[in-house]
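What follows is calculated from the coordinates using simple rules that are stated; it is not laboratory data. Values in this document were obtained by computation on a predicted structure and should not be read as measured data. FYI the Cβ positions are ideal-geometry reconstructions off the backbone, even for glycines, and counts take in every protein chain you see.
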Amino acid sequence: MTAITLRKHRKRAAHADQITAVLMVVPSIVAIFIFVYVFIFRTAGLSLLGVNDLFQMAGPKSWLGLPQAAFVGLKNYLDLLGSDRFRADVVNMLVFTTLFVGASLSLGLLLAVLINARARLEDVWRNIFFFPLALSLVVTGTVWRWVFNSASTGTFGLDWITNPRMAIFTIIIAATWQMSGYVMALYLAGLRGISSELHEAARVDGATEAQIFRRITFPLLQPITVSAAMLLIHIALKIFDLVFVMTGNPGGPGYATDMPALYMFQATFKQDLYSRGAAVATLMLIVAAIVIVPYLVISNRKTVEV
Amino acid sequence: MIGATQILAKQPSKKRILPWGWVVLYALLLTLAAFYLIPVYVALNTSFKSFEEVSKTNAFDLVRAPSGSAYLEAFRGLQKGLLNSLAMAIPATLISSLLGSLNGYVLAKWKFRGADTLFPAILFGMFIPYQAILIPLFQFMSDIKLAGSIWALILVHVVYGIPITSLIFRNFYATVPSSLLEASKLDGASFFGIYRHILFPLSTSSFVVVLIWQFTNIWNDFLFAVTLTSPATQPVTVVLQGLGAGQISHYEIQMAGAIVAALPTLLIYIVLGRYFVQGALAGSVKG
């Protein structure tokens, strides 16, 4: 074989390989396209229709895959605004997200700083704080429900789980218990990545430990704070299992711990109010997208640069 | 056990932290550890009580007459759910990991036009609240006659696992020098040859990370499980949620059940914790 035909042969093989490569990812792309984008489109479409019973939902579909039902515009969304349950959900979500994200970030940072202060038995501490992440929220919820139920009847007289004004805190505590170790791991990775020379230099210049933390360490950890906050907000927005297990659906007492995801589930799968459920789901997606998309764009730009 | 005095006696000599700094450090660590261990204590403690003892004492009173009967009850109740969870999580974990590895290989080393815009579009799937796809998903599963079967859950976990598994593998394969691939291409290695003989063997630890992360998440899922299954195919999370409930709550069975249901992922964490942490970090820190 001459050198030229060999090169041609290789070129053709490389071309065939490139086609194989594309073919390998096609199934995944198609699956994501359908299961993410088409489904989102259908949910949004359904939220603009008036589908309120199983018969309609299971009936013939239009070419878009939507039930053939009357277009009602934003009626489902306006109904939500008028719903006591949904209004309670929005308030609960705001309270829950703020306190859960705030508590998990500060507790996670505190744990990371403590462990990074060269505590002995580092592995033991780290594992104690981190292991809840390996658990299902159903497990977490089952145990914390019993902790708070028992506390409310026992000698403690801590009635939080049955007290409408305090019940949300039981969910916040359980969620923070589950997630703060994760934040700790993120911060710990960040702290270990900061070169000690920077601290030494500041120390030589006479900076106190508190100043070093505030002026050097904390600003350097800022990207981690942003990632962790994104992650926690995302978890908060879709919180479902934990409340479902701890205080039921609707999240009680009353609607004291109810959340949009629970309302979405009950409206859709228990009351057959499909379009209303779809409207809640669409709102959840919009809020998630507002938070996540800018972050995704920025972090993607960074990866490309690197 | 190491007591507080022992810890203090053995303090490493570090000039910048004053002696009382160590007291504060360990006091804080112990207090926080107590908070994290409350549910562990309560769950273990209650799980060894009998029904009579649970109703007479509170969750914090130490068990007086330990018995394993709650575990027997819990295991009996959860048995089917545990098997369903295994039948769902094992295939879904294996398939989604393999798929993610192939995707990662292509997206890192066989970049085609548009690959860099496609990737964030795939990643987006990992950030959506699944409520936004739940109704059409349920409809779709009914249409293809999979609703209520374990296959529906396998399919769902494979598909929604694509973003995270592809991300982890892509990031790993991107660190493998391209010159290595070019050299073997010149030696006539094909697309699959390079994967099988170079990248796949190199990525053992990535596989461990992805397998563990996927298994844990799939095992722990509740939303898809409660939406897409029938009573016969419910995974352990759904069964646990209803365990020991009824006219009278059997908290000892619930606690034993929670421990049994948590054991598989907890054991994985205990044995392979390092890889589990890597998976957790991979999901949030990119680039």
At 0.36 nm per residue, and after removing the present C-alpha to C-alpha distance, how many nm does the segment from B:L281 to B:Q79 gain when stretched out fully?
69.4 nm
Under 5 Å, built H, 5+ apart or other chain: amide partners of A:M166:
none
List the residues whose amide H sits under 5 Å from the amide H of A:L49, counting only those 5 or more places along or on another chain, with H placed 1.01 Å from N in the peptide plane.
A:V72
Whose amide H sits under 5 Å from the amide H of A:L158, counting only residues 5 or more places off or on another chain, with H placed in the peptide plane?
A:S152
Taking Cα atoms, how many degrees apart are the long axis of helix B:251-282 and the longest axis of chain B, rounded to 10 and kept between 0 and 90?
40
Have a look at A:R12, A:R87, A:R192 and tell me which one the Gaussian network model of chain A (Cα, springs below 10 Å) gives the largest fluctuation.
A:R12
Please state the shape class of the protein assembly as shown: rounded when a/c is under 1.5, otherwise prolate if a/b exceeds b/c and oblate if not, all from the C-alpha gyration tensor.
oblate
What is segment A:1-150 by shape, rounded, prolate or oblate, if you read a ≥ b ≥ c off the alpha carbon gyration tensor as root eigenvalues and call it rounded for a/c under 1.5, prolate for a/b larger than b/c, and oblate otherwise?
oblate
From Cα pairs below 8 angstrom and at least 6 apart in sequence, can you work out the relative contact order of chain A, rounded to a whole percent?
25
Note down the relative contact order for chain B as a percent, whole number, built from C-alpha pairs under 8 angstrom at least six residues apart.
29
Between 0 and 90°, nearest 10: helix B:150-173 axis offset from chain B longest Cα axis:
70
Using only the alpha-carbon atoms, how far is helix B:204-220 inclined from the longest principal axis of chain B? Give it as 0 to 90 degrees, nearest 10.
50
Sum -39500 (n - 2.57) across every DSSP H segment of at least 4 residues in the protein assembly as shown, then divide by the residue count to get the 222 nm mean residue ellipticity, nearest 500.
-23500 deg cm²/dmol
Per-residue HN-Hα couplings for segment A:68-74 [Karplus 6.51, -1.76, 1.60; θ = phi - 60°; Hz; x = Gly/Pro]
7, 9, 5, 7, 10, x, 8
Which shape class, rounded, prolate or oblate, goes with chain A when its Cα gyration tensor gives a ≥ b ≥ c as root eigenvalues, a/c under 1.5 marks rounded, and past that a/b bigger than b/c marks prolate?
oblate
Loop-resident trypsin sites (Lys or Arg not before Pro) in segment A:213-301 with no more than 13 other Cβ atoms inside 10 Å, DSSP not H/G/I/E/B, are A:K270
Running a GNM on chain A with Cα contacts under 10 Å, which residue among A:A151, A:A16, A:A174 ends up with the highest mean-square fluctuation?
A:A16
Within the set A:L133, A:L99, A:L64, GNM on chain A using Cα springs under 10 Å gives the largest fluctuation to A:L64
Under the Karplus relation with 6.51, -1.76 and 1.60 and θ = phi - 60°, whole-Hz ³J(HN,Hα) for segment B:130-136, x at Gly and Pro, equal 5, 4, 5, 10, 5, 5, x
Ordered by residue, what ³J(HN,Hα) values in Hz, to whole numbers, does segment A:101-114 give under the Karplus form 6.51 cos²θ - 1.76 cosθ + 1.60, where θ = phi - 60° and Gly and Pro are x?
5, x, 5, 5, 5, 6, 5, x, 5, 4, 4, 5, 5, 4
Give the cross-link partners of A:K8 among the aspartates and glutamates, using a straight C-alpha distance below 20 Å as the criterion and excluding same-chain residues fewer than 8 apart.
A:D17, B:E182, B:D187
